[in-house]
Amino acid sequence: MTLKMNKGDAPQEPDSRENDRFISHEWISSCGSLIETTIDPACWHNSLIKDLQKRGPVMLDHISSLLSINPKTVSLLLCADDDIREMNHLYRGFDQVTNVLAFPSNHELQWSFDIPNSEKTIGDIAIAGQTVLNEAMKSGITARDHLLHLFTHAVLHLLGYDHDHDIAAIEMEELEVHLLALMKVGNPYRNDDQIFGAQEAR
């Protein structure tokens, strides 16, 4: 993931000295799904990190099982809203904060192309800490469930799902609702005024 980003600069990896405010972990499931995490602990509540550490890899297992694919590896950045805004501006042309960004493995954000196939991720996900809390509060859901939903939504993007048109959006939403139900999380699209997707889509 790119954190210090000025156009024309080479991307800085999260574990570089310039980004020593971040900590890194590997979260792995019993089935072999792996989340390579980079976290800014100043921007994330420890309870949210611990919850996603527990449920995120399980969700990857559910996705792999439901789609009949092998367990996957994803790169996850839990960062500040300012970091998301910079990435959104640099890579998508929108100078504003968004809740989640997903970059598939063929995106320019993937900085190393000589990684063995066995170690490659399906892509990078970045999620903004304060925005997760704000959206959860506004929509009356728990921040941990909203975070799991954002993560699930982003993984599906990495696997080729999208919501560019009505049919694709319905398919993706139905898949998300089913996957979240497996984790005992309610339908996040239950209300017409549900804010999720409004920011992410920009």
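Tell me which residues, restricted to region 63-80, are open to solvent by 30 Å² or more (accessible area, probe 1.4 Å) and either touching a Ser or Thr at 6+ places or on another chain (Cβ under 6 Å) or within 21 Å of His25 (Cα to Cα) (or both). Step through it out loud before you land on a result.
Step one: filter region 63-80 for residues open to solvent by 30 Å² or more (accessible area, probe 1.4 Å), giving 65-72.
Across region 63-80, the qualifying residues are Pro71, Lys72.
Search region 87-103 for residues being farther than 22 Å from Ile122 by Cα and not small (Gly, Ala, Ser), and hand back the single one that is surrounded by the fewest Cβ atoms within 10 Å (Cβ to Cβ). Spell out the reasoning first.
Going residue by residue through region 87-103, those that are farther than 22 Å from Ile122 by Cα are 89, 93-97.
Checking which are not small (Gly, Ala, Ser) leaves us with 89, 94-97.
Numbers: His89: 15, Phe94: 14, Asp95: 10, Gln96: 12, Val97: 20.
So the residue we want is Asp95.
Considering only residues that are surrounded by 18 or more Cβ atoms within 10 Å (Cβ to Cβ) and β-branched (Val, Ile, Thr), which ones fall in region 142-176?
Residues satisfying the conditions are Thr152, Val155.
Given (1) out of contact with any Gly (no Cβ under 9 Å at 6 or more places or on another chain); (2) assigned to a helix (DSSP H, G or I); (3) modelled with pLDDT of 95 or more; (4) of a type in the set (A, V, I, L, M), identify the lone condition not met by Leu101.
With (1) out of contact with any Gly (no Cβ under 9 Å at 6 or more places or on another chain); (2) assigned to a helix (DSSP H, G or I); (3) modelled with pLDDT of 95 or more; (4) of a type in the set (A, V, I, L, M) applied to Leu101, the lone miss is (2).
Go through Ser118, Ser139 for me and flag whichever is modelled with pLDDT under 95, touching a Pro at 6+ places or on another chain (Cβ under 9 Å), of a type in the set (Ser, Thr, Tyr) and open to solvent by 10 Å² or more (accessible area, probe 1.4 Å). Lay out the reasoning, then the answer.
Working: Ser118 fails: touching a Pro at 6+ places or on another chain (Cβ under 9 Å).
Answer to the selection: Ser139.
The values are calculated or read from the model by the stated rules, or taken from the named source; none is laboratory data. Since this is a predicted model, take the numbers as computed values, not measurements. Virtual Cβ from ideal backbone geometry, glycine too; neighbours counted across all protein chains shown. Heads up: the accessible areas ignore ligands, DNA and RNA and are worked out on the full protein's heavy atoms, side chains in. Shrake-Rupley method; radii C 1.70, N 1.55, O 1.52, S 1.80 Å.
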